[in-house]
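The values are calculated or read from the model by the stated rules, or taken from the named source; none is laboratory data. The model shown is predicted, which means the values in this text are computed figures rather than measured ones. Reconstructed Cβ throughout: ideal geometry from the backbone, glycine too, with neighbour counts over all protein chains shown.
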Amino acid sequence: MLDLVHLVLFTFLAVIAVAVIRLKDLFAAVMLMGIFSFLSACLFTVMDAVDVAFTEASVGAGISTILMLATLALTDSEEHPEHNRFKLLPLLAVVFTGGALLYATFDMPLYGDPSAPIHQYVAPHYLEFTGADIGVPNIVTAVLASYRGYDTWGETTVILTAGVGVLLLLGGHAVVERFRRRRSAGDEDGE
Amino acid sequence: MIEWGLYNYWVVIFLMMTGLYVVISRGNLIKKIIGLNIFQVSVIMFYISMGKVKGGTAPILEEGVRVYSNPLPHVLMLTAIVVGVATSAVALALVVRIKEAYGTIEEDEIRVIEGEEEST
Amino acid sequence: MTSHVILRVLLKLLIPLIMLFALYVQFHGDFGPGGGFQAGVIFGAGMILYALIFGLDRAREVFPPRLLEVLVATGVLIYGGVGVAAIFFNGNFLEYSVLSHDPVHGQHLGIMLVELGVGLTVASVMTTIFFQFAGRGRTDD
Amino acid sequence: MIHALWAMISDDLPALQIAMPLLAATLCIIVRRRWAAWAVAMFVAWGAVANAAVILHRVLTTGTISYAEGGWPVPWGIELRIDLLNALVLLVVTGVCAIVLLAAPRSLAAEVPEEKHYLFYTVYLLCMTGLAGMTVTGDAFNIFVFLEISSLSAYALISQGSTRRALTSAFQYLVMGTIGGTFILLGIGMLYMTTGTLNIVDLGNRLAEVGPNRTVLVALAFITVGAGIKLALFPLHIWLPNAYTYAPAVVTAFIAATATKVAYYVLVRFVYSIFRVDLAFEVHRLDAVLLPIAIAAMFAGSLVAIYQDDIKRMLAYSSVAQIGYMVLGLSLANEHGLTGGLVHVFNHALMKCGLFLVLAAVLLRTGSTRIEAFAGLGRRMPLTFAAFVVGGLSLIGVPLTVGFVSKWYLVLGALDAGLWPVALLILLSSLLAVVYVWRVVEVGYFTPPPAGAEAVTEAPFSVLLPMWLLIGGTVVFGVFTSLSVGVASAAARMLIGGAS
């Protein structure tokens with residue numbers, strides 16, 4: 001049953017990804033991207049990654065889509081199709097990269113194989129000792145916040161950086177204008 | 001039961017490459033960001049796929065459950081999702097500023113404007 | 001935004017529920033899926049919804065941008081503060097076990113605090129970013 | 001009291017190296033005032049330099065330092081692991097950050113609105129933290145996390161340039177940088193898949209047990225390409241000239257001396273500590289790919305630099321060539337060659353950062369960095385221009401400058417590998433540097449300023465000081481090489497020996 005869901009989700013995802021290439025209407029493309037994220041979240045649930053699914057649904061399908069729509073409102077909502085001449089080089093690059101990845105799969109453990117190296121080393125320790133070490137049932141939370149807490153501090157900092165970056169870029173519109181005027185009044189070759 | 005074997009990875013690679021193709025072939029800046037998003041989400045799928053154990057359940061400790069899927073890829077990918085949205089936010093802010101400064105978000109048109117700027 | 005009366009009334013009821021759900025996700029992350037990051041996003045979404053319905057000006061009165069800026073910094077500061085505190089309890093950076101007499105209790109405390117920091121930063125960054133985008137379309141600023 | 005405090009934190013210096021600048025960055029947001037934010041940044045940046053120096057000393061005397069974040073033992077927790085290699089890179093990153101900060105308030109005032117300076121210092125410190133974090137960590141995935149911190153903040157910093165082209169340059173860098181970062185993530189994923197661990201030392205050991213296979217080969221390829229994008233390896237360098245040209249002057253000085261160096265460090269770390277010499281070079285022949293690319297970069301970068309009229313852009317292309325030298329050292333895979341590559345990280349940081357600060361001074365006084373602006377500067381800004389000449393000599397590789405030291409070891413390495421044509425090409429490419437440096441020197445000393453040009457005075461002290469600290473360094477470390485070469489060659493020996 002779950003395998004069927006898995007298959008259907010994959011089909012939808014592939015169709016959406018291809019449709020995004022073709023669509024000229026950016027609004028539709030953004031909505032499709034939101035759906036792509038949401039379907040990925042469903043797929044993550046099928047693969048037992050409930051925390052990831054929760055995050056992907058709220059971030060990918062939620063916040064990202066809202067930000068994209070806000071940007072569309074400030075810019076254009078149509079792609080100019082005359083710029084989409086067919087170019088060979090990108091296609092070749094992608095086919096080559098994809099080919100390399102395909103080549104790599106032949107030495108990968110099969111999907112779901114319990115004897116794969118990642119299920120033999122490190123992870124079993126978390127499953128076995130989280131209860132005694134940390135006493136939290138959700139192992140993902142335990143690894144995230146404690147075993148690999150340093151990573152998560154970095155992750156929080158990434159968010160901080162994005163916030164401050166956006167403030168630098170979009171904040172204080174009037175301040176920037178005043179600065180521009182003062183500069184171009186001061187010297188002619190201002191901009 | 002479908003035996004996924006390596007098929008699962010192959011579909012994920014197809015999705016990844018579709019995203020990458022959108023990034024490098026489209027001239028519209030927002031389209032590029034959408035492509036980046038698809039690329040990154042597919043990489044997340046790749047990691048989550050490797051964490052799945054057949055017959056396992058979500059890694060939340062429970063009485064009577066013996067087989068759990070691998071929690072480590074999940075933890076790593078939570079971070080990757082955050083990185084993805086952070087990158088998108090900064091990229092979109094840049095697009096807004098580019099639109100204000102150039103009046104367009106098409107790479108080709110921007111290049112023409114910059115070319116004229118240099119020749120004067 | 002003068003029309004949409006039904007929407008406004010409905011959302012007025014809905015937003016507190018969203019905030020409540022965010023709090024649930026924040027503090028229930030130890031037991032089920034969820035945690036600071038997801039809670040932060042949901043909380044941020046609640047604030048964005050508020051701004052969409054009642055307008056940006058009113059939203060900015062409720063959450064002044066300067067306050068949000070400070071909250072963004074505070075979240076990371078709490079997380080790092082827990083780490084540095086562990087050093088002063090003669091542990092390693094972020095070693096929660098030393099925060100309490102009982103190591104497991106220390107872990108609980110540490111995880112709760114850092115998740116709080118994550119939630120705070122994420123919620124305020126999401127709101128800040130949205131405010132910046134929404135404020136950009138207008139001439140005054 | 002002080003003693004008690006020191007006893008408490010002296011073992012935690014590796015963690016504080018990252019934690020302190022990061023906490024200071026958040027403090028910059030809270031204090032908000034421009035000068036207060038600068039003071040916080042200065043305090044913590046120089047503290048970071050001192051910290052890095054203590055760490056280097058400790059590594060030199062007692063060997064590799066390992067620090068368990070969260071107290072969790074390897075491989076379950078994240079380890080900070082500092083050996084000679086990253087101790088050196090760490091000193092470069094923190095040192096450049098602190099020195100450039102001296103010039104920041106003056107130089108920034110001309111390019112960024114004052115109300116935004118506190119945010120600027122925040123992002124600047126975050127960028128430094130990201131780079132330092134990538135350097136000290138002993139965990140492969142943690143490298144990715146800090147890579148993204150440094151990249152995101154670099155995009156934001158570059159976008160603050162005063163012309164609109166800064167925006168498109170930042171966007172181009174963002175798209176390429178994100179693809180590069182994601183490639184590295186994919187590569188790490190494949191390594192994790194074959195070994196089950198993320199700790200770098202552990203990865204190296206387990207990979208040696210697994211032996212060569214197709215997944216590992218592709219992982220090596222993806223990590224090389226991803227790091228190649230981040231370090232602007234020809235032909236993946238196309239983001240670099242624009243980013244360096246249109247970023248604010250101090251940002252260019254900072255990024256040019258650190259970001260590509262740390263990306264190079266990451267490549268060295270993956271190739272030598274994880275894949276190790278036998279897998280990367282003997283089985284998979286990485287040198288057969290990287291060596292021609294490095295030589296192409298040396299020539300292409302220098303040739304294009306000759307034809308640039310904007311000196312900032314000229315130096316940017318020169319960086320592409322210099323990165324070629326570093327990668328050449330990596331791909332020679334012998335002790336002398338790798339020493340040359342590693343010592344060039346230190347040396348190139350000194351000279352490029354110094355030269356970009358010269359440009360910051362010229363921009364501040366003349367309002368332009370185009371070659372016409374240099375007319376007569378030899379007389380009008382003698383100290384600044386003299387710094388350019390010394391830095392230029394170092395770029396060429398004249399004896400008694402640091403440039404000579406790096407090239408000496410690269411030539412030795414090429415001869416050790418039996419590749420005498422490569423040694424010849426190194427010398428030949430130096431001649432190209434003579435051409436582009438001479439063009440500027442000629443204009444500066446022999447072209448009179450255009451009639452009716454505004455009077456130009458010497459650069460302010462706050463810019464001259466950091467400039468001459470670095471340019472003076474290129475001479476000092478060109479003469480007294482024991483520190484830089486000593487550390488680099490010991491690191492090279494360790495990496496080639498396979499231990500880490």
- Message: Can you find a residue that is under 26 Å from residue B:57 (Cα atoms), acidic (Asp, Glu) and touching a residue at least 40 places away in the same chain (Cβ under 8 Å) anywhere in region C:27-37?
- Response: yes
- Query: Quick one: in region D:313-340, which of the residues that are in contact with a Gly (Cβ under 6 Å, 6 or more places away or on another chain) and over 17 Å from residue D:288 (Cα atoms) is surrounded by the most Cβ atoms within 10 Å (Cβ to Cβ)?
  - Reply: D:340
- Message: Can you tell me which residue is farthest from the chain's Cα centre (by Cα) among those in region C:59-90 that are within 30 Å of residue D:67 (Cα to Cα) and in a loop (DSSP other than H, G, I, E, B)?
- Response: C:90
- Message: Whether any residue in region C:118-141 is at pLDDT below 90, assigned to a loop (DSSP other than H, G, I, E, B) and within 7 Å of another protein chain (Cβ to nearest Cβ) is what I want to check.
- Response: yes
- Residue selected from region C:65-104 under the condition within 10 Å of chain D (Cβ to nearest Cβ) and charged (D, E, K, R), by the criterion surrounded by the fewest Cβ atoms within 10 Å (Cβ to Cβ): C:66
- Message: So, in region C:1-27, exactly how many residues are closer than 11 Å to residue C:115 by Cα and either within 11 Å of chain A (Cβ to nearest Cβ) or basic (Lys, Arg) (or both)?
- Response: 1
- Message: Which residue is farthest from residue B:69 (Cα to Cα), if the candidates are limited to region A:86-119 and must be aromatic (Phe, Trp, Tyr) and at the interface with chain D (Cβ under 7 Å from one of its Cβ atoms)?
- Response: A:103
- Note on the structure: Given the conditions (1) in a helix (DSSP H, G or I); (2) within 30 Å of residue A:122 (Cβ to Cβ); (3) in contact with a Pro (Cβ under 6 Å, 6 or more places away or on another chain); (4) not acidic (Asp, Glu), every one holds for residue D:80 apart from (1)
- Message: residue B:102 - would you say it is closer than 22 Å to residue A:77 by Cβ and of a type in the set (Ser, Thr, Tyr)?
- Response: yes
- Message: Looking at the structure I just gave you, is residue D:111 in contact with a helix residue (DSSP H, G or I) (Cβ under 9 Å, 6 or more places away or on another chain) and in a helix (DSSP H, G or I)?
- Response: no
- Item | Wholly within region D:401-479, helices (runs of 4 or more DSSP H) carrying at least 1 residues that are among the aromatic types (Phe, Trp, Tyr), more than 26 Å from residue D:341 (Cβ to Cβ) and assigned by TED's automatic domain parsing to the domain that holds residue D:340 | D:420-446, D:461-479
- Criterion: modelled with pLDDT of 90 or more and over 20 Å from residue A:55 (Cβ atoms) - qualifying residue of C:91, C:80, C:55, C:75: C:80
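Residue under question is residue B:69, and the condition is that it be buried (at least 19 other Cβ atoms within 10 Å of the Cβ), in contact with an Asp or Glu (Cβ under 7 Å, 6 or more places away or on another chain) and farther than 21 Å from residue A:58 by Cα; does it hold? Break it down stepwise before answering.
Values: buried (at least 19 other Cβ atoms within 10 Å of the Cβ): yes; in contact with an Asp or Glu (Cβ under 7 Å, 6 or more places away or on another chain): yes; farther than 21 Å from residue A:58 by Cα: yes.
Yes, satisfied.
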- Query: If you scan region D:76-125, which residues turn out to be within 14 Å of chain A (Cβ to nearest Cβ) and within 16 Å of the chain's Cα centre (by Cα)?
  - Reply: D:124, D:125
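Suppose we keep only residues that are aliphatic (A, V, I, L, M), more than 22 Å from the chain's Cα centre (by Cα) and surrounded by 13 or more Cβ atoms within 10 Å (Cβ to Cβ) within region D:6-22. Which one would you say is farthest from the other protein chains (Cβ to nearest Cβ)? Explain how you work it out, then say what you get.
To start, the set of residues in region D:6-22 that are aliphatic (A, V, I, L, M) comprises D:7-9, D:13, D:15-16, D:18-20, D:22.
Restricting the remaining residues to those that are more than 22 Å from the chain's Cα centre (by Cα) gives D:7-9, D:13.
Now restrict to residues that are surrounded by 13 or more Cβ atoms within 10 Å (Cβ to Cβ): D:8-9, D:13.
Working: D:8: 7, D:9: 6, D:13: 10 Å.
Across region D:6-22, the extreme among qualifying residues is D:13.
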- Task: Give region C:105-117 a look and list any residue that's more than 7 Å from every other protein chain (Cβ to nearest Cβ) and within 16 Å of residue C:34 (Cβ to Cβ), or say none.
- Result: C:112, C:116
- Exactly one of (1) farther than 24 Å from residue D:77 by Cβ; (2) among the aliphatic types (A, V, I, L, M); (3) buried (at least 17 other Cβ atoms within 10 Å of the Cβ) is unmet by residue C:17. Its number? (3)
- Pairs only if they're at least six apart or on different chains, beta carbon under 8 angstrom, first in region D:97-108 and surrounded by fewer than 24 Cβ atoms within 10 Å (Cβ to Cβ), second not in a helix (DSSP H, G or I); list them, first residue then second. D:106/D:460
- Task: Select, from D:440, D:456, D:390, the only residue that is within 14 Å of another protein chain (Cβ to nearest Cβ) and out of contact with any Pro (no Cβ under 7 Å at 6 or more places or on another chain).
- Result: D:456
- Name the residues in region D:37-90 that are of a type in the set (A, V, I, L, M, F, W, C) and without any contact (Cβ under 8 Å) to a residue 24 or more places away in the chain, would you? D:39, D:43, D:50, D:68, D:72, D:76
- Message: Can you say whether residue B:88 is at the interface with chain A (Cβ under 7 Å from one of its Cβ atoms) and under 21 Å from residue D:145 (Cβ atoms), as far as the supplied structure shows?
- Response: yes
- For residues that are part of a loop (DSSP other than H, G, I, E, B), among the aliphatic types (A, V, I, L, M) and in contact (Cβ under 8 Å) with a residue 12 or more places away in the chain, tally how many sit in region B:46-90. 1
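Which of the helices (runs of 4 or more DSSP H) contained wholly in region D:131-219 include at least 1 residues that are over 21 Å from the mean Cα position of the chain (by Cα) and away from chain A (no Cβ under 11 Å)? Don't jump to the end; show me each part of the working.
On the way: elements: D:140-158, D:165-195, D:200-210.
The qualifying helices (runs of 4 or more DSSP H) are D:165-195, D:200-210.
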- Within region D:204-240, restricting to residues that are in contact with a Phe, Trp or Tyr (Cβ under 6 Å, 6 or more places away or on another chain) and not hydrophobic (A, V, I, L, M, F, W, C), the one that is surrounded by the fewest Cβ atoms within 10 Å (Cβ to Cβ) is D:214
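If a residue must be facing chain A (nearest Cβ under 7 Å) and either in contact (Cβ under 8 Å) with a residue 60 or more places away in the chain or under 21 Å from the mean Cα position of the chain (by Cα) (or both), how many such residues does region B:91-106 contain? So that I can check it myself, show each step before the final result.
Applying the first criterion (facing chain A (nearest Cβ under 7 Å)) to region B:91-106 yields B:92-97, B:99, B:105-106.
The next check asks that each one be either in contact (Cβ under 8 Å) with a residue 60 or more places away in the chain or under 21 Å from the mean Cα position of the chain (by Cα) (or both); those that pass are B:92-96, B:105-106.
Residues meeting the conditions: 7.
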- Message: With the requirement that a residue be over 21 Å from residue D:425 (Cβ atoms) and out of contact with any Ser or Thr (no Cβ under 8 Å at 6 or more places or on another chain), what does region D:295-320 give you?
- Response: D:308, D:309, D:314, D:315
- Complete set of residues in region A:140-155 that are over 15 Å from residue D:77 (Cβ atoms) and more than 7 Å from chain D (Cβ to nearest Cβ): A:140, A:141
